[in-house]
Structure formats: C-alpha cells, structure tokens
Amino acid sequence: MRRGPRWYNPVYGAACGLLVLSIGLPMPWFFVGVTVALITFGLLIRIYRERTGIVLGTGNPRPRGIYPWLVAVLGIGAGASYLDGHHGFPLGVPIVAVAVGVACWVLSRRYDAALFALLEGDGDPDTDGARAGGREGAGEARP
Amino acid sequence: MSAPRFDEVIHAPQRLRIVAMLAPVAGLDFGTVRDALEVSDSVLSKHLKVLEDAGYVKVQKTKRSGRTWTSASLTRAGRSAYEGHVAALRAIVDGAVETAAATE
C-alpha cells in the first residue's frame, strides 16, 4: 500500500502546535492561528487520502491505543496554553505549543505505523489473538 | 468484542479481506482495496455489491478535481457483523486447539 508523504507527520505536529499556541494568544491572533491550523488539517486529510486511498475520519475505531493519547495531549495542551496565556505566564504558551507539536508528530507516526500494520495484515496491535483475513506483509506508514 | 456469530456473507475469502481492511479506517478508495487484494475492478465491484446488498458496506462516489472517486466504508451493521464473525472464528480455532490438547 502507498504511504503518506514523509512530511505529513511533522506538518501535522506543527498544525497541532499552532492550534494550541493560538488558544493562548490574544485576539485577533487566536482566530488567525486557529484558522490556519484548521485549514492545514483539512489539506492534510485530503492529501493523505489522495496518496494512500485511506479516508480518515474522527473516531476511526483502530488503532485504539493511540487515538486517546492524541486527544489527551491536545486537550491538556489547549488547557495549559489557555492558562499560560490568560493568567500571567505568556512564555509558557510557546513552550507548551512546541511540546504538544512534537508529541503529536510522534503519536501520528505511531498511528500511521499501527494502521498500515493492520491494513497489510500484520495483526491487531491491541491484541495477541489470531487474525481474520488480511495478508502477511510488513507494515508501516493516521486521525 | 461482539458475541460470536458466523456470517456466510463475510466468510468468503475476498469479502473477509475487504471487510478486514475497512474495519480500522473510516473508508478506503476503490483503487486502494483493489490493488491490495490484487483483483480486477469487476471482481471487487461484485464483492462490494454483495456486501452493500447485505447492508455491511456503503459505497460512495464523489467528484473531486474533475475525477470521480469511489470509496467504501463499513456500516455499523457491517462492523458488528465483522466483529461477530471474527469472534466466531476465534471460538472455532480455540475449540479445536483444546480438543487436540485433550486427546494427546
């Protein structure tokens, strides 16, 4: 199966970082940042589909283990950014944003790897049980 | 995990592979499934039609950039049927292993 572009996961991480950064910024930079981040997510979903043929959607059922981590990282990062930016610690905002961006980059790469392992029949990373259907093959390559 | 329920529609080898591929994603493009299974357009279309008639798969056609994109996704019924079928297969295999161990 065709993989996504190499730059996909770093750009995804950067967009997540930008989203978190924007939450801690004053107007109108909040809107600017959120808009750019959302447009980037939309473009990434489209490009990923055109390259791999995989339709990404919210709540993809697998890989289950990674998706909650992504949501938690974004949620905690957004909260920390809001508190830093609106309650007197503005330097904390870019620090949180960079941390979230890197974490999302890493998690997104793992999500890709787990997803392609499933699609190419390398098994369910959530269980050790037998596999139904699929075919043997090496896996690699998202929310 | 759903209760074990063997499904004759899903059990056919190619349809089982199709459903197994669709299970972890929101959808897959027609060409991606075809290339992964190494079958022709007509063979894949036939299997998707069977799954669609059973209510397990939804096939959508969208126009983008001047092209028509066909994609398939599992319905809720399809996902449930797949999980039940996988549970049934595991129960069969586990039962056979226990029987073999007991007769040794």
- Item | B:Lys46 vs. criteria out of contact with any Pro (no Cβ under 8 Å at 6 or more places or on another chain) and more than 13 Å from chain A (Cβ to nearest Cβ) | yes
- Item | Scope the stretch B:54-74; condition crowded, with 17+ Cβ neighbours inside 10 Å and within 10 Å of chain A (Cβ to nearest Cβ); matching residues | B:Trp69, B:Ser71, B:Ala72, B:Ser73, B:Leu74
- Return only the number of the condition from (1) outside any loop (DSSP other than H, G, I, E, B); (2) at pLDDT below 85; (3) open to solvent by 30 Å² or more (accessible area, probe 1.4 Å) that A:Thr127 does not satisfy. (1)
- Can you tell me how many residues in the stretch B:37-74 are in a loop (DSSP other than H, G, I, E, B) and of a type in the set (Ser, Thr, Tyr)? 3
- Message: Name the single residue that is surrounded by the fewest Cβ atoms within 10 Å (Cβ to Cβ) among those in the stretch A:16-44 being modelled with pLDDT under 90 and β-branched (Val, Ile, Thr).
- Response: A:Ile23
- Message: Which numbered condition in (1) over 14 Å from B:Ala88 (Cβ atoms); (2) open to solvent by less than 50 Å² (accessible area, probe 1.4 Å) is the only one that B:Asp35 fails?
- Response: (2)
- Note on the structure: By residue number, the members of the stretch B:44-61 that are of a type outside the set (D, E, K, R) and over 17 Å from B:His11 (Cβ atoms) are B:Leu44, B:Ser45, B:Val59, B:Gln60
- Query: In this structure, does B:Leu51 turn out to be on the phi < 0 side of the Ramachandran plot, at pLDDT 95 or above and surrounded by 15 or more Cβ atoms within 10 Å (Cβ to Cβ)?
  - Reply: yes
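Given the options A:Gly121, A:Gly85, A:Gly139, A:Gly101, name the one that is part of a helix (DSSP H, G or I), surrounded by 15 or more Cβ atoms within 10 Å (Cβ to Cβ) and modelled with pLDDT under 75.
Only one candidate passes the filter, namely A:Gly85.
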- Message: Checking B:Arg34 against (1) assigned to a strand (DSSP E or B); (2) more than 8 Å from chain A (Cβ to nearest Cβ); (3) touching an Asp or Glu at 6+ places or on another chain (Cβ under 9 Å): exactly one of these is not met. Which one?
- Response: (1)
- Tell me, yes or no, whether the stretch A:4-15 has at least one residue that is of a type outside the set (Gly, Ala, Ser), surrounded by fewer than 17 Cβ atoms within 10 Å (Cβ to Cβ), modelled with pLDDT under 90 and in contact with a Phe, Trp or Tyr (Cβ under 9 Å, 6 or more places away or on another chain). no
- Task: Please indicate, with yes or no, whether at least one residue in the stretch B:75-85 is in a loop (DSSP other than H, G, I, E, B), among the charged types (D, E, K, R), at pLDDT below 95 and open to solvent by 30 Å² or more (accessible area, probe 1.4 Å).
- Result: no
- Task: Name every residue in the stretch B:38-48 that is crowded, with 18+ Cβ neighbours inside 10 Å and either under 10 Å from the mean Cα position of the chain (by Cα) or of a type in the set (Asp, Glu) (or both), in order of residue number.
- Result: B:His47, B:Leu48
- The residue that is farthest from the chain's Cα centre (by Cα), considering only those in the stretch B:8-31 that are surrounded by fewer than 20 Cβ atoms within 10 Å (Cβ to Cβ) and in a loop (DSSP other than H, G, I, E, B), is B:Ala26
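The values are calculated or read from the model by the stated rules, or taken from the named source; none is laboratory data. Predicted model only: the values in this text are computed from it and were never measured. Note: ideal-geometry Cβ built from the backbone for every residue, glycine included; neighbour counts use all protein chains shown. These area figures cover heavy atoms from the full protein model, side chains too; ligands, DNA and RNA do not enter into them. Shrake-Rupley method; radii C 1.70, N 1.55, O 1.52, S 1.80 Å.
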